[in-house]
Every structure is written in structure tokens, then in C-alpha cells.
1. When ligands, DNA and RNA are left out and all protein chains stay put, how many square angstrom of accessible area per residue does the protein assembly as shown have with a 1.4 Å probe?
2. When the chain is fully extended, how far beyond the present Cα-Cα distance does B:LYS285 get from B:THR88, taking 0.36 nm per residue of separation?
3. Taking a 1.4 Å probe, which of B:GLU764, B:GLU46, B:GLU630, B:GLU571 shows the most accessible area, and what order do the others take after it?
4. Looking at the P(r) of chain A, how many percent of alpha-carbon pairs lie beyond 18 Å?
5. Please report the net charge: other residues with Cβ closer than 13 Å to the Cβ of B:ASP557, K and R +1, D and E -1.
6. How about segment A:1-74: which trypsin sites (Lys or Arg not before Pro) there lie in a loop by DSSP and see at most 16 other Cβ atoms within 10 Å?
7. State the extension gain, in nm to one decimal, for the chain segment bounded by B:ASP610 and B:GLU410, taking 0.36 nm per residue of separation less the distance between their alpha-carbons.
8. Hey, what D do you get for segment B:232-369 in µm²/s if you plug the Kirkwood alpha-carbon radius into Stokes-Einstein at 10 °C and 1.306 mPa s?
Amino acid sequence: MSKIHVTTTVNNEVVEFLADPRETLLDCLRDRLDLTGTKEGCGTGDCGACSVTVDGTLVCSCLVLGVEAEGAKIETIENMAQDGALHPLQRKFIEHAALQCGFCTPGILVAAKALLDKTPDPTETEVRYWLAGNLCRCTGYDKIIRAVMDAAAEMRGAA
Amino acid sequence: MSVHKSLPHDAALLHVSGQARYIDDIPTPADTLHLAFGVSAIAHGEITSLDLEDVFASEGVIDVLTSGELPFENDVSPSAHDEPLLSTGDIHYLGQPIFLVIATSHLAARKAARLAKITYHDSPPILSIDDALAANSRFEDGPRIYGQGDISVIDSAPVVIEDSFEIGGQEHFYLESQAALAVPQEDGEMVVHSSTQHPTEIQHKVAEAIGVAMNDVRVEVRRMGGGFGGKESQGNALACACAIAAQRTRRPCKMRYDRDDDMIITGKRHDFRITYRVGCEENGKILGISFVHYARCGWAQDLSLPVADRAMLHSDNAYHLENIRIESHRLKTNTQSATAFRGFGGPQGMIGIERVLDHVAHRVGRDPLEVRLLNYYQDHQDHSVEASGGSISSKMKTGPQTTPYGMEVEDFVLNQMTADIVDRSEYQSRRNAVADWNARHSILKRGLALSPVKFGISFTLTHLNQAGALVHIYQDGSVRMNHGGTEMGQGLFQKVAQVAASCFGIHMDRVKITATDTAKVPNTSATAASSGSDLNGMAVKAACDTLKARLCAFLVDRHECRHSDIQFKDEQVWIKETAFRFEDVIKQAYENRISLSATGFYKAPKVAWDRIKGQGRPFLYFAYGVSVSEVVIDTLTGEYRILRSDILHDAGKSLNPDLDIGQVEGAFVQGAGWLTTEELVWDAKGALKTHAPSTYKIPAFADRPDIFNVSLWDNENQEDTIYKSKAVGEPPFMHGISVYLALSDAIAACGSRYPHLDAPATPERVLTAVQRVQRHGL
Ligand code: FES
Ligand code: FES
């Protein structure tokens with residue numbers, strides 16, 4: 001099948017790639033742009049490991065076609081640390097031991113950041129339900145929730 | 001010292017920044033090929049015709065292999081040689097690999113794999129435990145039987161209870177699905193990157209599959225995105241397929257299962273039926289008990305025998321059962337080959353006796369906690385008190401008590417731990433509050449349960465209890481270490497690095513942790529049986545001790561001091577009152593031609609086990625824990641929530657408390673998932689219908705208990721383990737049993753009977769159980 005030329009902005013950089021029109025954004029990020037921080041856990045929109053934002057909206061990149069990225073602004077886990085400094089969420093994940101195998105971690109961080117960007121003072125219940133689409137098989141979730149709540153508190157303090 | 005400290009996971013920084021590489025993230029040459037299996041559409045029968053024309057013609061396909069084209073061994077089993085990589089014509093389960101597609105992309109391979117035209121001669125599949133019993137389809141000639149005493153005491157017991165229940169299997173659902181990458185080298189050598197808990201077995205099977213010696217194959221594992229036992233043997237097929245294709249095409253070959261393929265092809269936790277007949281006193285003291293285990297093992301033997309053995313070995317859990325018989329049937333069915341999964345049969349054995357305890361308590365009308373305490377083994381200091389002639393408390397004191405398999409329980413601590421958690425969790429007042437609530441509410445009912453864990457640590461196959469390590473010190477004083485254990489998220493690498501740093505008295509940032517590599521440490525055991533840090537920590541310590549001995553000999557000579565004058569601490573080497581920087585000592589040692597590289601080896605002492613007789617000491621020690629869970633159920637819908645769980649867990653003197661608590665929390669949630677929402681459903685033809693997270697429900701963020709308190713019990717291991725710690729991977733999984741028992745307790749509040757409740761206790765099952773209990777009136 002003939003490939004389609006896509007121009008898009010990923011992590012503040014304009015990039016171009018050729019995509020098979022059937023290819024997902026997840027595969028384009030990983031295979032065409034070598035941004036392998038975004039993971040595939042299911043490929044069907046049920047695990048959240050592939051979370052990225054497209055024009056500020058949290059999406060499962062396994063459910064978006066690469067060609068749909070044309071003209072959009074995409075952010076991935078690779079852009080979360082700025083100028084070499086970790087985002088508070090990233091720091092708190094390390095501090096609270098909120099990761100084990102780490103495979104779910106990028107997706108959960110991207111999703112949690114999308115929540116805190118909109119809702120800087122979430123309740124624990126809000127965090128739990130916002131992240132309901134992100135599966136983690138290792139941690140049992142408790143430390144992740146604490147890390148997110150703590151990061152939110154720190155970011156409010158800093159603001 | 002770096003040990004006993006809560007340091008973050010060794011790769012935490014890489015994980016949060018998306019830089020940690022899993023198999024599918026490793027940069028590969030542009031000419032890398034991708035593989036997919038074509039699988040069977042029936043569960044039992046024979047292939048009558050196989051037309052691959054459309055597969056070959058599909059876009060991007062380079063080659064398609066069937067069993068006839070395999071160059072050497074067609075076997076990916078761990079030991080029994082009963083698991084062909086590709087079917088030779090016989091079909092044993094729905095999803096069995098039949099042919100291998102080699103294509104230019106992952107998608108192209110997967111699409112092509114669907115295009116084969118296959119006709120079959122169908123045979124009726126053996127799917128259920130009943131099917132297998134009717135057909136006498138089993139592994140081993142007949143059941144294994146372990147036990148002690150005389151179970152005829154049941155017949156004359158004042159109270160006799162009999163029942164049977166079923167426990168479903170469980171999908172591992174490691175977030176990273178199975179994956180492998182083979183890169184051909186010069187002179188026939190092969191490098192394999194595999195997401196596996198068992199690099200040596202991958203090396204062994206790949207060598208057989210491509211007809212070379214093991215020294216021609218190097219397997220490297222940096223990390224897995226979760227394993228849980230599912231990557232102990234199930235990665236063999238992908239690694240062998242990649243190596244065969246790479247040898248054939250002379251190009252790198254990669255294979256990763258799509259989630260659905262992973263769930264349809266690979267093995268899961270064994271599902272069990274457990275029947276029990278128990279005789280006890282009016283107070284609930286068990287006099288005799290008989291269990292029959294029926295384990296559904298799937299089509300190939302894989303690790304089913306030791307799994308079913310371990311279920312038997314945990315049929316006593318925390319209770320001293322003097323008259324017990326356990327009979328275990330290992331049934332062969334036309335389903336995925338059930339495999340290792342965290343606990344390795346232990347959870348199934350344990351839930352059997354835990355249900356019995358609650359059932360007994362319900363029948364004799366006592367609190368299940370009292371009945372548990374009445375039947376517990378005695379704590380270890382009880383017999384030491386007796387030995388020293390001290391006062392003898394109300395319990396009988398007759399030295400260490402013996403398990404049904406002849407091992408003395410020398411380190412029991414559950415009496416103390418239980419007293420502690422009863423206190424912390426306010427068990428007694430909550431027990432009253434639950435009764436009070438249930439008296440006042442008819443729609444919502446609450447349930448509360450306490451369950452203990454006593455889990456045996458060691459591989460029951462005794463020779464596996466060995467490990468090797470390799471430690472280098474470079475001339476600048478930096479250390480690089482390697483061992484046979486694999487990192488799957490459990491924090492093994494960090495714990496073992498903490499051991500190395502502690503040995504040399506240096507900071508963690510001097511110690512570099514490297515990928516597991518069969519070229520550095522050979523003949524390793526799987527990272528399994530919770531043994532990772534016990535075995536590899538000791539092996540690394542042995543290597544460090546060798547290096548320290550060489551350094552000491554050099555210093556004794558040079559400074560004319562005694563060995564005992566030398567200490568490694570605070571980044572320095574102390575000789576009496578004088579301190580030398582670690583790197584300076586290393587530099588001098590190097591210049592004086594002291595070897596700064598050493599291997600280390602460890603074998604666990606004391607263990608010896610005869611699995612046919614069911615006698616011996618299979619375990620070096622036991623790890624303990626106890627949990628209390630409270631649930632609420634809706635009697636109109638069967639829905640429920642976990643309101644609160646309190647866990648106290650024994651990790652010995654923990655090497656890293658944060659990592660260990662993380663293991664406990666994750667294991668509990670996974671264990672609760674096994675017994676509540678995680679339901680595997682096969683249809684009448686043997687097709688697994690729950691093969692994606694859309695239909696198979698592992699716990700999610702919202703399922704964690706509202707109140708969740710996890711603590712470690714400070715308890716030095718009595719055995720000489722690495723810095724007195726205990727293994728922590730599997731034991732806390734079984735804290736999930738308290739959730740299942742709490743659900744049973746809530747259902748029991750709806751009527752007068754102890755409910756029949758199969759696991760997983762899905763809302764449908766809870767509702768059915770409620771209605772059954774209600775029908776029998778109050
Ligand atoms: S991979 Fe996209 S949601 Fe699971
Ligand atoms: S840390 Fe392994 S899946 Fe979340």
C-alpha cells in the first residue's frame with residue numbers, strides 16, 4: 001500500500017515521516033521516529049501503556065492512525081523532563097517507589113500529567129478514576145496514587 | 001552499609017523518562033525481519049491439509065516454515081520433550097503454533113499468518129477436569145499421595161465436614177508481552193535477546209534448535225516488563241523461532257506476541273478443583289483431613305509436576321495437621337499448557353486449607369481467628385523456651401512440629417504476627433461492627449477475614465538451588481557485577497548491587513549493574529521460586545569476599561598488619577586507625593598485579609527432597625505473613641468492594657524495605673485479582689474467549705482497597721541467608737486469599753449455611769452464592 005507523507009510536531013520539533021495509512025500513531029512513534037518510550041501493552045485501547053497527548057488531549061496512541069497526526073502537536077514521555085530537570089511527577093514516582101518493571105510507567109506519567117494540567121488539586125478518587133484506563137500489573141497502584149497526590153501538592157505549592 | 005536501605009529501583013530514572021529498553025525497544029538493523037505464528041483453530045485432532053499459498057503471496061512475506069523445514073530439534077519444552085515448536089500434524093490445543101511466517105514487518109507477518117487454508121480431522125477435545133477424569137487423561141501414572149498420621153480419625157470425629165470447590169486459572173498479563181530478538185554472528189554463533197526469566201534455558205533450547213553447542217549461543221536479558229512466572233518457560237518458542245529464522249536468512253529476526261496471541265498461545269496458572277473431608281473437635285481443632293487436588297495442566301507437561309507438588313506442600317499452610325492425606329491428580333487437557341505463576345501451586349494448596357478453616361469455624365460457631373490459633377504450628381521460641389527448661393505455656397510443647405512431608409517447622413512466627421495484626425487492624429472491634437452492620441442491613445452485607453501465609457522457600461528440585469556471579473573491580477575503583485538472576489521489576493538488581501556495595505563499604509554509584517548474560521555467568525537457574533536475591537545475593541557476596549581476601553592478603557603484606565586490622569567502610573579501607581581511599585588501594589593492588597576479577601558461587605544448604613516419597617526438607621526456611629481484609633457486597637447484584645486490607649509481612653531483615661513493600665502490595669492486588677475479577681473463559685470448542693484486557697479483568701486503579709496498610713515484620717531470618725533477609729516475590733501473593741474469605745463471610749451473613757463459592761468470585765458467582773444461601777433460609 002502506498003505510503004502517506006505526514007508532517008507533525010512531536011515534542012516541540014517538526015518531524016516528517018512516511019506512514020502506511022493502516023499504521024497506528026503508536027507504531028509511527030516507535031518505528032519511524034524511534035521514540036520507544038511509548039509502549040504497547042494491548043493494542044486495543046485497554047491498558048494505557050501507549051498514552052500520549054495530541055493537541056493537549058490524552059489519547060491511546062494505539063487507537064490513533066499515524067496519518068491523523070498531520071498538523072497536530074504531539075507530546076510523549078520523552079518530553080516530560082525539561083532542560084534536563086525531571087517533572088515533579090517523575091521525581092515523585094522515583095521517591096515513592098511507584099514503579100517496578102516500569103513498562104506501564106511512561107503511559108501513567110503522561111496520563112497523570114494530563115490530569116494535573118487541567119485539575120491541579122484532584123481528590124484521590126479523581127486520580128483513581130482518571131487513571132482507571134492505565135493498567136499496572138506490578139505495583140498494586142497504591143504507591144502510584146501517593147506519588148501523583150504528592151506531585152500535585154508540590155506543584156500547587158510551587159505555583 | 002547499603003543493605004537494609006530503601007533505595008529506588010536501579011533503573012527508576014530510565015523508567016520515568018521512557019529510556020529503559022525492553023526487547024522491542026532495542027535498535028535493530030534496517031534489514032531485521034519479523035515473525036509470527038500461524039495457529040490452530042481447533043483444540044484436538046489432526047491436520048489433514050495445509051495450504052500456505054496465500055501466506056507466501058502476502059505482502060512482505062520472505063519465507064514460511066512448517067515443522068518439516070526445521071533444521072534440528074523441534075521442541076521447546078523445559079524438560080519432557082513433549083512440546084513441538086511447530087505442530088507435526090497433531091493438534092493439542094486451540095492456538096497451537098503450526099507454521100512460522102518470516103516477513104519484513106510485524107504487521108505483515110501477523111496479517112499473513114491469518115491466511116492459511118487448513119483442514120482438520122477433529123477429535124473431541126478434553127477440556128475440563130471432568131473430561132480428563134473420564135478419559136483418564138493425565139501426566140504420571142496415577143495420583144501422587146503425600147501425608148502423615150492416620151486419616152481414619154476423621155470417621156470418629158465429633159464434627160465431619162465435606163465439600164469441594166474450584167479455583168480458576170490466571171493469565172500473567174505481564175505488561176510487556178513475550179518477545180525475542182536473534183542476531184546472527186560470524187562463524188555460526190547466535191546472540192539472543194529475550195524477555196525471559198531463564199536465560200540458560202533459552203540458550204539450551206536455542207542451541208538444540210539450530211544444531212550448535214551452548215557455547216555458540218549467547219543470551220542477554222537486561223529487563224522484562226513483568227514476568228510473574230510466565231516467562232520461565234514460555235519464551236522458549238519465540239527465542240527458538242527467531243534463532244532458526246536468523247540462521248536461515250542470515251538476518252536479525254524479532255518476534256513479539258500481540259496481546260491476543262500471547263494470551264491464546266501461552267500457558268497460565270493451573271486451575272484446580274479441591275475436595276476436602278475434615279474431622280474436628282467441637283471447638284474446631286482439626287483431628288484429621290483429607291484433600292484431593294485435581295490440577296488442569298493443559299496439553300504439555302511443562303512445569304506441572306513441581307507446581308502440583310508445591311500445591312500439596314502448602315496444603316497445611318500454617319496449621320499443624322497430624323493426620324493428613326493429600327492426593328494430587330495432574331490432568332492433561334486440550335488447553336494451553338499451564339505453567340509457572342507466582343506461588344507455583346502454593347496459592348492453590350493454601351486456599352484449600354484456608355477455606356477449610358473458615359468452613360470449620362462456621363460449623364462449630366466460633367470466630368475463624370480462634371479456630372486458626374487453635375490449629376497453628378507453635379512459634380519457634382516456644383520450643384526454645386522449653387529446651388532451656390523455661391516455663392511451659394498452655395500449648396503442648398514437644399519440640400518443632402512436623403509438616404505432612406516430614407520437615408520440621410523451626411522458624412514459625414505466626415502466633416506473634418497474628419497477635420500484632422489483630423491489634424493493628426482492630427480485628428475484634430471490627431468483627432463486632434461487621435456483625436452489627438449485617439444485623440441492621442439487608443441489602444449490603446459486610447465480611448471480614450484473616451488469613452495467614454507460610455510459604456516454603458527454595459526450588460523443590462534441589463539442584464536448582466545454586467547461583468553464580470562475576471565481579472570486576474576496575475583500576476579506578478569502579479565495580480561491575482553480573483549474576484545469573486534476571487530483573488523483571490522486582491528490584492533484584494538493586495538489592496544485589498546493595499550487597500556488593502556493602503561488602504566493599506563503598507557507595508552505590510561505584511557499582512554498575514549489567515544485563516544478565518550467559519557468556520558471563522553460565523548454567524544459571526531461572527529467576528523463580530522467589531529465590532532471586534537469596535541465591536544471587538549470596539553468589540555476589542562470595543565473589544566480593546574472594547576479592548576482599550586478595551586485597552587483604554596484599555595489604556597484610558604491604559603494611560605488615562593482620563587481617564583483622566583491615567576494614568572496608570565509608571568508601572575507605574581502614575588499617576587500624578589509618579584510612580586509605582578505596583580507589584587508591586585498588587590502584588596499588590592493580591600495580592602489584594593482584595587479580596581484581598572473581599567469580600562467586602553459592603548453593604543453598606540443608607535442602608534435600610524426595611518428591612516421589614513426599615519426604616524430606618524441600619525448603620531452607622519459610623516466609624510468613626498475615627492479612628485482614630474487609631469487603632462489602634451488594635446482595636441484589638453480587639457487586640462488591642474491598643473496603644480495607646491490612647497486611648503484615650515477613651521479609652526477614654529486609655534488604656530494601658521500599659522495594660519489599662512494593663512487592664507485597666503488588667502481590668496482594670494480583671492475588672486478589674486471581675480470586676475475584678480475573679476469569680478465564682473457554683468455549684465448548686476450547687477457544688479462550690477472554691484473550692484481551694477488554695474481556696479479562698486484572699485489577700485497575702479503582703479496585704485497590706479504600707484503606708490499605710502494609711507493613712513489614714522485623715524478623716531476622718534464622719537461616720544464614722544474605723544479610724538475614726527473606727525471599728519476598730511470591731509469599732505475599734497469598735494475602736489475596738483474605739479477600740476471597742471475606743467475600744465468603746459476607747455471603748454467609750445472608751443465611752445459615754457456609755456458602756459454596758468457586759474462585760474467581762466474580763459478581764455473578766457472588767450473586768449466585770447469595771441466592772443459594774438465602775434459599776436455605778436464616
Ligand atoms: S497499547 Fe494502547 S491502550 Fe494498550
Ligand atoms: S510497573 Fe510493571 S506494569 Fe506497572
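The values are calculated or read from the model by the stated rules, or taken from the named source; none is laboratory data. Note that the structure is predicted; figures quoted are calculated from it, not measured. Cβ: placed from backbone, ideal geometry, glycine included. Neighbour counts: every protein chain shown. Ligands, DNA and RNA are excluded from the accessible area calculation, which covers all protein heavy atoms including side chains. Shrake-Rupley method; radii C 1.70, N 1.55, O 1.52, S 1.80 Å.
1. Details: 32910 Å² over 937 residues.
Value for the protein assembly as shown: 35 Å² per residue.
2. Numbers: separation 197, 0.36 × 197 = 70.92 nm, distance 5.49 nm.
Here the answer is 65.4 nm.
3. Working: B:GLU764 120, B:GLU46 95, B:GLU630 15, B:GLU571 40 Å².
Largest accessible area first, the list is B:GLU764, B:GLU46, B:GLU571, B:GLU630.
4. On the way: 7131 of 12561 pairs.
So the pairs more than 18 Å apart make up 57 percent of the total in chain A.
5. Values: positive: B:ARG550, B:ARG558, B:ARG562, B:ARG593; negative: B:GLU560, B:ASP565.
Cβ neighbours under 13 Å give a net charge of +2.
6. Details: sites: A:LYS3, A:ARG22, A:ARG30, A:ARG32, A:LYS39, A:LYS73; in loops: A:LYS3, A:ARG22, A:LYS39.
Counting only loop positions with at most 16 other Cβ atoms within 10 Å, the trypsin sites (Lys or Arg not before Pro) in segment A:1-74 are A:LYS3, A:ARG22.
7. Working: separation 200, 0.36 × 200 = 72.00 nm, distance 2.00 nm.
That works out to 70.0 nm of additional length.
8. Values: Rh = 17.3 Å.
So the translational diffusion coefficient is about 92 µm²/s.
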